[in-house]
Amino acid sequence: PGDVVITPVVKDAVGGSPVKIRLKMSTRVSPACTWRLSSDSLTFKITRESETVWSSLECPKMIEGADLVLRQSKPTWASVSWNARYSKPGCPQETDWAHAGWYHLAAAAFDGEPTDTQFRLGLPTAATITASPRAGDKPGDGSTKKPGDGSTKKPGHKPSGAVEPSGH
């Protein structure tokens, strides 16, 4: 097997949004080496039961290239992103979303042994919508305006200050 060891780590994955996959990388034999992270040097596959959900062989452009120094004594970290969708040959943009549940992720340098990790893809949280006050509404102003009725205040019983016409 090759000298590069890759261990994938996935935390807090949520369906419907990009999933960050952290790669912990080190060397097995050499004290240090330079290594280019790219679709030519790394492969990873996401599976659910026996089904392949996503493969870097189908979507190689999802792996951005980076030149790294890997060491035997201290791991080097990098990240790749999975769009939480199924992949197909040619990597079309609009494929089915992966469903919530447990998945396996196997990653390896092309000449290395794959390392497998299990992760849970959680349900996305629903957006919270908070109603904003309407223009002109103030807390405690006695407003009773309802949509469609032109009123804004309760009728008052205070005198208006207008002078009553005299009957003379």
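The values are calculated or read from the model by the stated rules, or taken from the named source; none is laboratory data. Owing to the predicted nature of the structure, the values given are computational and were not obtained by experimental measurement. When we count neighbours, we look across all protein chains shown, and the Cβ atoms used for this are built from the backbone with ideal geometry, even at glycine. Please note that ligands, DNA and RNA were not included when accessible areas were found on the heavy atoms of the full protein model with its side chains. Shrake-Rupley method; radii C 1.70, N 1.55, O 1.52, S 1.80 Å.
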On average, how much area does the Cα convex hull of segment 70-132 cover when viewed from any direction, in nm²? 8.2 nm²
In Å and on Cα atoms, what radius of gyration and Dmax does segment 49-98 show? 14.1, 42
Computed over the Cα atoms of segment 1-127, what is the convex hull's projected area averaged over all directions, in nm²? 8.0 nm²
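Multiply the residue gap between Gln93 and Asp116 by 0.36 nm, knock off their C-alpha separation, and tell me the result in nm, one decimal place. Write down the numbers at each step before the final one.
Numbers: separation 23, 0.36 × 23 = 8.28 nm, distance 2.62 nm.
Result for the pair: 5.7 nm of gain on full extension.
For segment 12-59, which trypsin sites (Lys or Arg not before Pro) are both in a DSSP coil and crowded by at most 13 other Cβ atoms within 10 Å?
On the way: sites: Lys20, Arg22, Lys24, Arg28, Arg36, Lys45, Arg48; in loops: Arg28.
Answer in residue order: Arg28.
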With a 1.4 Å probe and all protein chains kept in place, how much accessible area does Glu58 have, in Å² rounded to the nearest 10? 60 Å²
Going by average Cβ neighbours within 10 Å, how do the peptides 64-77, 82-95 rank, with the highest at the top? 82-95, 64-77
